[in-house]
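The values are calculated or read from the model by the stated rules, or taken from the named source; none is laboratory data. Owing to the predicted nature of the structure, the values given are computational and were not obtained by experimental measurement. FYI the Cβ positions are ideal-geometry reconstructions off the backbone, even for glycines, and counts take in every protein chain you see.
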Amino acid sequence: MRVGKEERPVHRVELDAFYMDVNEVTVGQFKQFVNQSGYAYVGNWNHVAEYSPGDDYPMVYVNWHDVTAYAKWAGKRLPSEAGEYAARGGLAGKRYPWGDELTHDDANYLGTGGKDRWDLSTAPIGSFEANGYGLYDMAGNVWEWCSDWYDENYYSKSPVSNPQGPSTGEWRVFRGGSWGDDTFGRRAAVRGFDSPTNASGLIGFRCVSESK
């Protein structure tokens, strides 16, 4: 798991309309998927419970293949890295979904204080205020897997219309920061990446679906 600093150049993208899930996929939802589909989840549920101890907490210890399988089962898909602009909640040029400042009243990240009572673990989904698009936990709680391969130089060659990332790669992108990161890692522009076969207590996901 790595966090990159390749956030430039600032560039314009145009995306077709889509619907993004209001919340991160929960432990309870992922259990339902495994039980109903027979998916061979090889993660350790005891490890999941260390960081997400209830069904209303975000699912963790899922690799990229796990989350794409869930999304397909649910009739949805993972967001593209470009689609993560939704984290900004309509606030262009701001560091965080709520503006240029971030406190423990806004999100679950490293340490505690204010509304953030969860030290070294996830918080139940929706424990903090939504952003301007009505989406919860778009900064902090867990990083969220995206569909794209990672390329540190992709922004310099990204197409304007519906960019989908490189066609191949070694790493998959995740965005949004987690309970284990400081305020720098919560910024909307930060890019994370990891092997698609790796899973972590810091990484979960949410899904999107196409606009009808």
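Test Ala92 against the stated conditions and say whether it is modelled with pLDDT of 95 or more and assigned to a loop (DSSP other than H, G, I, E, B). So that I can check it myself, show each step before the final result.
Working: modelled with pLDDT of 95 or more: no; assigned to a loop (DSSP other than H, G, I, E, B): yes.
Against the criterion (modelled with pLDDT of 95 or more and assigned to a loop (DSSP other than H, G, I, E, B)), Ala92 does not qualify.
Have a look at Trp118, Trp64, Trp45 and point out the one that is touching a strand residue (DSSP E or B) at 6+ places or on another chain (Cβ under 7 Å), of a type in the set (Phe, Trp, Tyr) and at negative phi. Outline the logic, then answer.
Details: Trp118 fails: touching a strand residue (DSSP E or B) at 6+ places or on another chain (Cβ under 7 Å); Trp45 fails: touching a strand residue (DSSP E or B) at 6+ places or on another chain (Cβ under 7 Å).
One residue alone meets the criteria, Trp64.
Please go through segment 181-212 and pick out each residue that is at pLDDT 95 or above and in a loop (DSSP other than H, G, I, E, B).
Correct list: Ser195, Pro196, Thr197, Asn198, Ala199, Ser200, Gly201, Leu202, Phe205, Arg206, Cys207.
Gly140 versus (1) on the phi > 0 side of the Ramachandran plot; (2) surrounded by fewer than 22 Cβ atoms within 10 Å (Cβ to Cβ): which is the lone unmet condition?
Among (1) on the phi > 0 side of the Ramachandran plot; (2) surrounded by fewer than 22 Cβ atoms within 10 Å (Cβ to Cβ), the lone unmet condition for Gly140 is (2).
Restricting attention to segment 112-139, report how many residues are touching a Gly at 6+ places or on another chain (Cβ under 9 Å) and farther than 19 Å from Val208 by Cα.
We begin by selecting, within segment 112-139, every residue touching a Gly at 6+ places or on another chain (Cβ under 9 Å); these are 116, 119-124, 128, 130-139.
Now drop any that are not farther than 19 Å from Val208 by Cα, which leaves 116, 119-124, 128.
Residues in segment 112-139 being touching a Gly at 6+ places or on another chain (Cβ under 9 Å) and farther than 19 Å from Val208 by Cα: 8 in total.
Take the residues in segment 1-23 that are more than 13 Å from Asp55 (Cβ to Cβ) and modelled with pLDDT of 95 or more; name whichever of them is surrounded by the fewest Cβ atoms within 10 Å (Cβ to Cβ).
Within segment 1-23, the first condition is being more than 13 Å from Asp55 (Cβ to Cβ), and the residues that meet it are 1-22.
Now restrict to residues that are modelled with pLDDT of 95 or more: 21-22.
Details: Asp21: 18, Val22: 14.
Residue satisfying both the conditions and the ranking: Val22.
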